[in-house]
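J.: Quick one: the structure is below, questions incoming.
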Amino acid sequence: MNQLNETFNQHIEIEDDRTGLSIPTLRRAIADNLFYVQGKFPSIATENDYYMALAYTVRDRLLQRWLASSNSYIENKTRMVCYLSAEFLLGPHLGNNLINLGIYDQIHRAVEELGLNLDILIAQEEEPGLGNGGLGRLAACYMDSLATLEIPAIGYGIRYEFGIFDQEIRDGWQVEITDKWLRYGNPWEICRPEITYEVKLGGYIDHYTDHNGNYRSYWHPDLVVKGVAYDTPILGYQVTNANTLRLWKSEAPESFDFQAFNVGNYYGAVDKKIVCENISKVLYPNDEQFEGKQLRLEQQYFFVSCSLQDMITLHLLYGGKIETFHEKFVAQLNDTHPSIGVAELMRLLIDDHKLNWEKAWKITTHTFAYTNHTLLPEALETWGLDLFAKVLPRHLEIIYEINRRFLEEVALKFPNNQGIINSLSLIGEGDRKVVRMANLACVGSFAINGVAALHSQLLTETVLHDWYQLSPQKFSNKTNGVTPRRWIVLSNPRLTNLISLKIGTHWIKNLDELRKLEEFINDDIFCKSWRQVKTDIKKDLAQKVKQQQKIILNPESLFDIQVKRIHEYKRQHLNVLHIITLYNRLKKNPKLDIVPRTFIFGGKAAPGYFMAKLIIKLINSVGEVVNNDPDIHDRLKVVFIPDYNVTNSQRIYPAADLSEQISTAGKEASGTGNMKFSMNGALTIGTLDGANVEIRVCVGEENFFLFGLTTPEVAQIKNNGYNPWHYYQNNASLKEVIDQIASGYFSHGDYNLFKPFVDSLLYDDQYLLLADYQSYIDCQDRVAEVYRNKEHWAKMSILNVARIGKFSSDRSIRDYCKDIWKVHPHPVELIDLCPDGQCRLRN
Ligand code: 26W
């Protein structure tokens, strides 16, 4: 801190201290921001003050690039990708921005010279957890790749005041704590109070004929809410392009204050204000489980309406005609959550911009493309008709009209086929009438894709089979990817350095170049360094676990990790069955020579998902017994790392030897954690599910531990009347494990605690754990044998990294650009926003 004082007294030859990248300038800028933004003297500044000062320093550099980008996109009237997503699970910005700006080392030095520690400052940032899991994190990776590939793009979503809950573990159970991520302010966002749109809700529709004789509708809403734009610049890696993530916050329109004053019902008006503000208040924490809540429908409509109004405003502002909207904008629907956009764009075009139906429909169906992210039937969004009519009366009319015209066409193409009409209808007519959002997305989109080869194929065979019959040309596969900037460079600097020493740094932008590592597979020194890197990272994680949970881990043991949302289809409990199997082997034969293993779990359960919460309790209960049994002698350890999020995951993926990707075949659409593990040199034990299939082909079958039933085998076993009892009765070690859980062995004798769990396995077992048990155990035994040969394991690990290039989100985004979006890179040049250093004096 004294050093900071000294810095102030130094005379610095000024580069512009808001854009300059030299170490003295950065140092000066940090000090400056501490004074003028945080309003603190170094002597009383907290770590958070320093973090904020640093964040503003980095933000200034971002803004220069962001303004240049927006300016250039507008001037050149470039075609834009709009990524519509109810979730963006960004993770902390600071480290990532330092990497993408290419100033990590400079900042490290500058901060050090100020007597501070960069790691500590980076750790101050509360991550924006505006997503549940895979879908939200994918959106964040795609934003990084879009900017890196210099594609003009806007991400549109919701600025939840409370993101995904923080998880604590008490007595082995999950406890949810509100995520107050905005508590200390958010230096990465820029509020745009002038960019607002009104969104109507509820009420009724009037019909009339206008003076040109056109039949028209007028919507009298119950409630009008205002959406305010909050922008976050997303900078690409080593480029000038910085795109916008625009998130909407809901507020009451100004008129409320006025009404309150006039009407005298102050409290009544304030109530309404709260209703408005509630819309963007909290992220729904359900993953893959649809819940037909009114507020959720309002959230979806709110952000989609603001976003489409914004796109139209931008288009008209820069001289576009409404008729050419779809030529300048393409809107990707990230699952069905934003699919109300199809009806909303029709409404905006017809009611507000006075286009006729045919023109509006042409524009709409040339604007949207839809990505499906799940096959689980319980995740499919269908809104009860009553609720839908109450919240969105005008949209229901529009949906009926879309449906009427559409089903006429279907009937022409498939005469006398009521079956296909029923399945394609936008309205489900079961015991309960519903609006089917997937069907709305399909009819309104020119392209439909799944997120891994197997998933895309299953879509055409199952949930979207009839859509595929109708319009096969709309369908394609776009296998997911993840950004190597966050998931290797930022989270694994040791591995990054080792790789870059051998093959340079181009791989960071062109991940296929990792292939050059294959050359060094027989270089003993390299292989040794590779192992050393992994061990060092495992030591770091062990240190952290010791600090936080007082559990001692052996960094020489096999780190066997499963981190992801807790869900029965992901089968964390199959992993537990294996742990208990090993435990029992050791109990029977304490001298048995087994490969020591550390089992690490992490993940949140949806708060209302009882079985998922019970699985967390089971993991912790088994851990308590195994970790403290003297017979085990530290050869097995079980750890549940609480509050799995982006920040924690960046420490976890690099430390893995073994990646658990063990979902029931046909259930995991893609998975993206599987890619992150493999990129960091973990080997995978997995089923033929989601992107595992493609990962295995790329890294080579001999470098992947495959087990379990295939998708067709799962279907067959179910068709034949699956009987979990049969497996239980005929497999002694399986029976022992289940009996043990049932007996209260892991619950201090309480045999009721895990009864629902045991019953669900024995009498239902939807996800075929018992059918896959032996195959999994045998495969795990193979894993252990291979791990004994550390040299061989290291080679397999290197090959996994060398061959993982396909799973960069850069590749995914290139595929979307070429096949679906038809957009091209638009490189931006850095312009001097302050020529002659005068910008702060100019008005
Ligand atoms: C309405 C409740 C709800 C909420 C979220 C239903 C469905 C979702 C998401 C679509 C679930 C999700 O995140 N799916 C995951 O998407 C990832 C990115 O494509 C895939 O890698 C995962 O396999 C898939 O489970």
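J.: With the structure loaded, tell me whether P221 is open to solvent by 10 Å² or more (accessible area, probe 1.4 Å) and more than 16 Å from the ligand (Cβ to nearest atom) or whether it fails that test. Lay out the reasoning, then the answer.
T.: Working: open to solvent by 10 Å² or more (accessible area, probe 1.4 Å): yes; more than 16 Å from the ligand (Cβ to nearest atom): yes.
Answer is yes for this residue.
J.: State whether the residues of region 611-627 include one that is among the acidic types (D, E), open to solvent by 10 Å² or more (accessible area, probe 1.4 Å), in contact with a Gly (Cβ under 9 Å, 6 or more places away or on another chain) and within 16 Å of the ligand (Cβ to nearest atom).
T.: Within region 611-627, the first condition is being among the acidic types (D, E), and the residues that meet it are 624.
Applying the additional criterion that residues be open to solvent by 10 Å² or more (accessible area, probe 1.4 Å) yields 624.
Of the ones still in play, those that are also in contact with a Gly (Cβ under 9 Å, 6 or more places away or on another chain) are 624.
With the extra rule that they be within 16 Å of the ligand (Cβ to nearest atom), the set shrinks to none.
Among the residues of region 611-627, not one is among the acidic types (D, E), open to solvent by 10 Å² or more (accessible area, probe 1.4 Å), in contact with a Gly (Cβ under 9 Å, 6 or more places away or on another chain) and within 16 Å of the ligand (Cβ to nearest atom), which makes the answer no.
J.: Further question: Quick check, is Q289 in the same structural domain as L376 (by TED's automatic domain parsing), surrounded by fewer than 24 Cβ atoms within 10 Å (Cβ to Cβ) and within 13 Å of the ligand (Cβ to nearest atom)?
T.: On the way: in the same structural domain as L376 (by TED's automatic domain parsing): yes; surrounded by fewer than 24 Cβ atoms within 10 Å (Cβ to Cβ): yes; within 13 Å of the ligand (Cβ to nearest atom): yes.
In short, yes.
J.: Consider E668 carefully, then state whether it is part of a loop (DSSP other than H, G, I, E, B), modelled with pLDDT of 95 or more and within 15 Å of the ligand (Cβ to nearest atom). Walk me through how you get there before you give the answer.
T.: On the way: part of a loop (DSSP other than H, G, I, E, B): yes; modelled with pLDDT of 95 or more: yes; within 15 Å of the ligand (Cβ to nearest atom): yes.
Judged against the criteria, E668 is a match.
J.: Something else about it: Return yes when A542 is part of a helix (DSSP H, G or I) and either aromatic (F, W, Y) or in the same structural domain as V639 (by TED's automatic domain parsing) (or both) and no when it is not.
T.: yes
J.: Further question on the same structure: Can you find, within region 461-501, the residue that is farthest from the chain's Cα centre (by Cα) among those that are charged (D, E, K, R) and farther than 30 Å from N96 by Cα?
T.: Applying the filter and picking the extreme gives D466.
J.: Suppose we filter region 396-431 for residues that are in contact (Cβ under 8 Å) with a residue 60 or more places away in the chain and over 14 Å from V342 (Cα atoms); how many remain? Break it down into steps so the answer makes sense when it comes.
T.: Our first condition is that a residue be in contact (Cβ under 8 Å) with a residue 60 or more places away in the chain; within region 396-431, this holds for 397, 402, 410.
If we keep only those that are over 14 Å from V342 (Cα atoms) too, we end up with 410.
Going through region 396-431 one residue at a time, the tally reaches 1.
J.: Can I ask one more? Among the residues that make up region 65-88, is at least one of them basic (K, R), open to solvent by 10 Å² or more (accessible area, probe 1.4 Å), more than 16 Å from the ligand (Cβ to nearest atom) and within 26 Å of R651 (Cβ to Cβ)? Before the answer, list the steps.
T.: Step one: of region 65-88, the residues basic (K, R) are 65, 77, 79.
Remaining after also requiring open to solvent by 10 Å² or more (accessible area, probe 1.4 Å): 65, 77, 79.
Pick out the ones that are also more than 16 Å from the ligand (Cβ to nearest atom) and you get 65, 77, 79.
Subset that is within 26 Å of R651 (Cβ to Cβ): none.
No, that holds for no residue.
J.: Which of (1) open to solvent by less than 20 Å² (accessible area, probe 1.4 Å); (2) in contact with a Gly (Cβ under 9 Å, 6 or more places away or on another chain) does L98 not meet, given it meets every other one?
T.: So the condition that L98 fails would be (2).
J.: So in region 474-495, with the set limited to residues that are in a strand (DSSP E or B) and open to solvent by 10 Å² or more (accessible area, probe 1.4 Å), which one is nearest to S456 (Cα to Cα)?
T.: First pass over region 474-495, keeping only residues in a strand (DSSP E or B): 475-477, 482.
Cutting the leftovers down to open to solvent by 10 Å² or more (accessible area, probe 1.4 Å) gives us 475-477.
Numbers: F475: 8, S476: 7, N477: 5 Å.
Among those residues, the one meeting the criterion is N477.
J.: Provide a single number: the residues in region 296-323 that are within 13 Å of the ligand (Cβ to nearest atom) and of a type in the set (A, V, I, L, M).
T.: Selection size over region 296-323: 1.
J.: Okay, moving on. Name every residue in region 538-557 that is among the polar types (S, T, N, Q) and either within 17 Å of S491 (Cβ to Cβ) or at pLDDT below 95 (or both), in order of residue number.
T.: Q543 - this is the single residue of region 538-557 that is among the polar types (S, T, N, Q) and either within 17 Å of S491 (Cβ to Cβ) or at pLDDT below 95 (or both).
J.: Quick one: which of L553, L592, L574, L582 is open to solvent by less than 10 Å² (accessible area, probe 1.4 Å) and either at negative phi or part of a helix (DSSP H, G or I) (or both)?
T.: Numbers: L553 fails: open to solvent by less than 10 Å² (accessible area, probe 1.4 Å); L592 fails: open to solvent by less than 10 Å² (accessible area, probe 1.4 Å); L582 fails: open to solvent by less than 10 Å² (accessible area, probe 1.4 Å).
Among L553, L592, L574, L582, only L574 is open to solvent by less than 10 Å² (accessible area, probe 1.4 Å) and either at negative phi or part of a helix (DSSP H, G or I) (or both).
J.: Applying the selection to region 556-571, what residues are in contact with a Ser or Thr (Cβ under 8 Å, 6 or more places away or on another chain), outside any helix (DSSP H, G or I) and within 14 Å of the ligand (Cβ to nearest atom)?
T.: V563, R571
J.: Residues to consider are G690, G721, G686, G700; find the one that is crowded, with 22+ Cβ neighbours inside 10 Å, modelled with pLDDT of 95 or more, assigned by TED's automatic domain parsing to the domain that holds C779 and on the phi > 0 side of the Ramachandran plot. Don't jump to the end; show me each part of the working.
T.: Values: G721 fails: crowded, with 22+ Cβ neighbours inside 10 Å; G686 fails: on the phi > 0 side of the Ramachandran plot; G700 fails: crowded, with 22+ Cβ neighbours inside 10 Å.
After applying the criteria, what remains is G690.
J.: Any idea how many residues of region 359-377 are within 16 Å of the ligand (Cβ to nearest atom), at pLDDT 95 or above and not in a loop (DSSP other than H, G, I, E, B)?
T.: Here the count works out to 3.
J.: Here is a follow-up. From Y160, Y156, which residue is within 16 Å of the ligand (Cβ to nearest atom), closer than 30 Å to A389 by Cα and in contact with a Leu (Cβ under 6 Å, 6 or more places away or on another chain)? Don't jump to the end; show me each part of the working.
T.: Values: Y156 fails: within 16 Å of the ligand (Cβ to nearest atom).
Result of the check over Y160, Y156: Y160.
J.: I've got another one for you. Given (1) closer than 15 Å to K617 by Cβ; (2) surrounded by 15 or more Cβ atoms within 10 Å (Cβ to Cβ); (3) not acidic (D, E), identify the lone condition not met by H748.
T.: (2)
J.: Tell me, please, whether a residue that is under 24 Å from S808 (Cα atoms) and either outside any helix (DSSP H, G or I) or in contact with a strand residue (DSSP E or B) (Cβ under 8 Å, 6 or more places away or on another chain) (or both) can be found in region 109-125. Please lay out each step first, then the result.
T.: The first filter runs over region 109-125 and keeps only residues under 24 Å from S808 (Cα atoms), leaving none.
There is no residue in region 109-125 that is under 24 Å from S808 (Cα atoms) and either outside any helix (DSSP H, G or I) or in contact with a strand residue (DSSP E or B) (Cβ under 8 Å, 6 or more places away or on another chain) (or both).
J.: For the subset of region 638-678 comprising residues that are aromatic (F, W, Y) and out of contact with any Ser or Thr (no Cβ under 9 Å at 6 or more places or on another chain), which member is least open to solvent (accessible area, probe 1.4 Å)? Talk me through it step by step, then tell me what you get.
T.: Going through region 638-678, the residues aromatic (F, W, Y) turn out to be 640, 644, 653, 677.
So of that shortlist, the ones also out of contact with any Ser or Thr (no Cβ under 9 Å at 6 or more places or on another chain) come out as 640, 644.
Values: F640: 7, Y644: 38 Å².
Across region 638-678, the extreme among qualifying residues is F640.
J.: May I ask you to list the residues in region 336-358 that are crowded, with 24+ Cβ neighbours inside 10 Å and outside any helix (DSSP H, G or I)?
T.: The answer is T336, H337, P338, S339, I340.
J.: Right, another one. In region 134-173, which residues are outside any helix (DSSP H, G or I), of a type outside the set (V, I, T) and within 22 Å of V304 (Cα to Cα)?
T.: Of the residues in region 134-173, the ones outside any helix (DSSP H, G or I) are 149-173.
So of that shortlist, the ones also of a type outside the set (V, I, T) come out as 149-150, 152-153, 155-157, 159-163, 165-168, 170-173.
Within region 134-173, P152, A153, G155, Y156, G157, R159, Y160, E161, F162, G163 qualify.
J.: Further question on the same structure: Would you check which residues across region 638-665 are among the hydrophobic types (A, V, I, L, M, F, W, C) and within 16 Å of the ligand (Cβ to nearest atom) and list them? Spell out the reasoning first.
T.: If we filter region 638-665 for residues that are among the hydrophobic types (A, V, I, L, M, F, W, C), which is where we start, we get 638-641, 646, 652, 655-656, 658, 662, 665.
Of everything in region 638-665, those that are among the hydrophobic types (A, V, I, L, M, F, W, C) and within 16 Å of the ligand (Cβ to nearest atom) turn out to be V646, I662, A665.
J.: Say whether the condition of being within 16 Å of the ligand (Cβ to nearest atom) and within 30 Å of P484 (Cβ to Cβ) is met by at least one residue in region 240-259.
T.: Residues of region 240-259 that are within 16 Å of the ligand (Cβ to nearest atom), as a first pass: none.
No, region 240-259 contains no residue that is within 16 Å of the ligand (Cβ to nearest atom) and within 30 Å of P484 (Cβ to Cβ).
Every residue, every condition in (1) outside the structural domain of Y644 (by TED's automatic domain parsing); (2) without any contact (Cβ under 8 Å) to a residue 60 or more places away in the chain; (3) in a loop (DSSP other than H, G, I, E, B), yes or no:
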residue: D231; (1), (2), (3): yes, yes, no
residue: I234; (1), (2), (3): yes, no, no
residue: Y237; (1), (2), (3): yes, no, yes
residue: L245; (1), (2), (3): yes, no, no
residue: Y267; (1), (2), (3): yes, yes, no
residue: V270; (1), (2), (3): yes, yes, no
residue: V275; (1), (2), (3): yes, yes, no
residue: L297; (1), (2), (3): yes, no, no
residue: Y301; (1), (2), (3): yes, no, no
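J.: So, in region 378-394, how many residues would count as being within 16 Å of the ligand (Cβ to nearest atom), assigned to a helix (DSSP H, G or I) and open to solvent by 20 Å² or more (accessible area, probe 1.4 Å)?
T.: Summing the residues that are within 16 Å of the ligand (Cβ to nearest atom), assigned to a helix (DSSP H, G or I) and open to solvent by 20 Å² or more (accessible area, probe 1.4 Å) in region 378-394 gives 2.
The values are calculated or read from the model by the stated rules, or taken from the named source; none is laboratory data. None of these values were measured; they are calculated from a predicted model. FYI the Cβ positions are ideal-geometry reconstructions off the backbone, even for glycines, and counts take in every protein chain you see. Keep in mind that these areas ignore ligands, DNA and RNA; they rest on the heavy atoms of the full protein, side chains included. Shrake-Rupley method; radii C 1.70, N 1.55, O 1.52, S 1.80 Å.
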